[in-house]
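*Asks:* One structure coming up, written as structure tokens, with questions to follow.
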Amino acid sequence: MKSRLNAILDALLPLFATLAALIVGAIMLIILDVNPIVAYGALLEGAFGNTNALAETLVKATPLLLVGLGICIAYRGNVINLGGEGQMIVGALLGTFVGLSISGLPGWVIITISMVSGTLAGAFWGVIPGVLKAYFNVNEILTTVMMNAIAVQLMSFFLTGPMIDPAQAEMTSLIPQTARLDEALRLPRLVPTRLHLGALIAVILAVLVYILLWRTTIGYRIRAVGQNPFAAKYAGIKVNRYIVLALLLSGAFAGLAGVIQVYGVNYRMITDGSATGFTGNAGFNGIVAALFGQLHPLLTIPASILFGSLLVGANTMQRVVQVPSSLIIALNGLVVIFVVSSEIWREKRQHKRLIVIKNEDNGELQSDENAQDSVEKMP
């Protein structure tokens, strides 16, 4: 019973963390002379109040889920991928280039080729830090962040140069954007809203990632490397290979997220010159969604929907109660901090429970030895 209660508490920790963040946010709203009940009511209404609101939440959750799936794989392999932003960008760049360049084929064929191309581009952007980590012991946190900066510069170059919208090329004030994709290249809508097929693809991939990690030899080896690389190496697993594979797959999912963002939402690649201008911080928010889902692919689905609802509902809250946009950023940041902190606390609780179990086992073993000694000394 105690172990079940601990498991339930561990599962609910992210929810408690979110509630704690919202309580702190409520205090901030009170300081601004805003009724937090009205504000959070507007947030819920904006995220789930009607069909369009729910669809917008799911659209916002789709890139978070795809990036989060890659994060689940990377963390299971004991590597950290902070390069989701850059991987989304390079995936979208190549996917958009393919869509604008190929003609004469059915739309679904071009979409498929574009998605595969963007996925491979993201995988390539992830494999570089993977190789540096596995074979040269270069910190993957630094390399993935630096790759983000390189991707942003590439995006600025292509969107204001070779890939710029021809209609913008002759204008004095250039908008960094590509030409709009043909209507045949747009992902089908699932309902008469902005919800597109990419959301369904993301859910299917979440199931496949679960199967990969827990039902295949490759997934077992990735998790074994993440748990103990020395033991994995002793067991004959090529540790370096699976470190590279973990970051490759993580980058691939982020690259696919970038392509789907173009073909399902924007229908062109456009930015304000920063990574956020295109990704909307999905490369980083996907990390939090994965942590909220306890690095489990299936649990990342509701976690992504939750964070999608916060992003969509926060905009409605800002309009209804007239709070500054900086408060919305602070509220999202609070949720991130509390959720990450809850994950650290959960790991510490698990570590303490393992120590207690080990001590109890040692005590039972000692008792058995004492009992054996007593039997041997009996006349």
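*Asks:* If the cut-off is a Cα-Cα distance under 28 Å, which lysines reach K133, setting aside same-chain residues fewer than 8 apart in sequence?
*Replies:* K233, K238, K348
*Asks:* Right, another one. V138's amide H: which non-local residues (gap 5+, or another chain) put their own amide H closer than 5 Å, with H modeled 1.01 Å from N in plane and none for Pro or chain starts?
*Replies:* K133
*Asks:* Karplus couplings for the range 146-163 from phi (6.51 cos²θ - 1.76 cosθ + 1.60, θ = phi - 60°), rounded to Hz, Gly and Pro as x?
*Replies:* Couplings: 5, 5, 4, 4, 5, 4, 4, 5, 4, 4, 4, 5, 6, 7, 10, x, x, 9 Hz.
*Asks:* Using the beta-carbon distance between I30 and V145 and R0 = 41 Å, what value does 1/(1 + (r/R0)^6) give for FRET efficiency, to the nearest 0.05?
*Replies:* Once the sixth-power term is evaluated, E becomes 0.65.
*Asks:* To continue, here is another question. Just one of [x] 41, 22, 17; [y] 42, 28, 18; [z] 30, 26, 21 is semi-axes √(5λ) of the Cα gyration tensor in Å as worked out from the coordinates here. Which one is it?
*Replies:* Entry [y].
*Asks:* Determine the sum of side-chain charges near A74: Lys and Arg each +1, Asp and Glu each -1, restricted to other residues whose C-beta is under 13 angstrom from that of A74.
*Replies:* +2
*Asks:* Could you order the peptides 128-137, 317-326, 96-105, 72-81 from most to least packed, using the average number of other C-beta atoms within 10 Å per residue?
*Replies:* Per-residue mean Cβ counts within 10 Å order the peptides as 72-81, 128-137, 96-105, 317-326.
*Asks:* Explain nothing, just the number: dipole magnitude of the chain about its Cα centre with +1 on each Lys and Arg Cβ and -1 on each Asp and Glu Cβ, in debye rounded to the nearest 20.
*Replies:* 480 debye
*Asks:* Let me ask another. Which order, highest average first, do 107-117, 26-36 follow once you tally other Cβ atoms within 10 Å for each residue and take the mean per peptide?
*Replies:* Ranking, from highest mean packing down: 107-117, 26-36.
*Asks:* Another question about this same structure. If amide hydrogens are placed 1.01 Å from N in the peptide plane, which non-local residues have theirs closer than 5 Å to the one on Q177?
*Replies:* The answer is D165.
*Asks:* Grab the other residues whose beta carbon is less than 15 angstrom from that of N315, score K and R as +1, D and E as -1, and report the net.
*Replies:* +1
*Asks:* Between L105 and R319, with labels modelled 7 Å along Cα→Cβ, what's the label distance in nm to one decimal, could you check?
*Replies:* Calculated label separation equals 3.9 nm.
*Asks:* If r is the Cβ-Cβ distance from N137 to I218 and R0 is 22 Å, what FRET efficiency results, to the nearest 0.05?
*Replies:* That gives a FRET efficiency of 0.40.
*Asks:* Moving on. Given only helices, namely DSSP H runs of n ≥ 4 each adding -39500 (n - 2.57), what is the per-residue ellipticity at 222 nm of the chain, to the nearest 500 deg cm²/dmol?
*Replies:* Helix contribution divided over all residues of the chain: -26000 deg cm²/dmol.
*Asks:* Determine ³J(HN,Hα), in whole Hz, for all residues of the range 353-359 in sequence, where each value follows from phi through the Karplus function 6.51 cos²θ - 1.76 cosθ + 1.60 and θ = phi - 60°; x replaces Gly and Pro.
*Replies:* Using θ = phi - 60°, the values come out as 5, 5, 5, 4, 4, 5, 5 Hz.
*Asks:* Where the centroid of each part is defined by its Cα atoms, how far is the range 12-50 from the range 255-291 in Å?
*Replies:* Taking the Cα centre of the range 255-291 as reference, the centre of the range 12-50 is 25 Å away.
*Asks:* Quick one: check the C-alpha center-to-center distance for the range 201-252 versus the range 312-331, whole angstrom.
*Replies:* Here the answer is 39 Å between Cα centres.
*Asks:* Taking θ = phi - 60°, what integer Hz values does the Karplus form 6.51 cos²θ - 1.76 cosθ + 1.60 yield along the range 284-289, in sequence order, with x for Gly and Pro?
*Replies:* 9, 5, x, 5, 5, 4
*Asks:* How far is it, in nm, from the label point at Q168 to the one at F230 when both lie 7 Å from their Cα along the line to the Cβ?
*Replies:* In this crude label model, Q168 to F230 measures out at 5.3 nm.
*Asks:* For N240 and L154 in the same chain, what is the full-extension length gain: residue separation times 0.36 nm, less their Cα-Cα distance, in nm?
*Replies:* 28.1 nm
Values in this text are rule-based calculations from the coordinates and carry no lab data. Note that this is a predicted model, so its numbers are computed, not measured. Note that each Cβ is placed from the backbone with ideal geometry, even for glycine, and that neighbours are counted across all protein chains shown.
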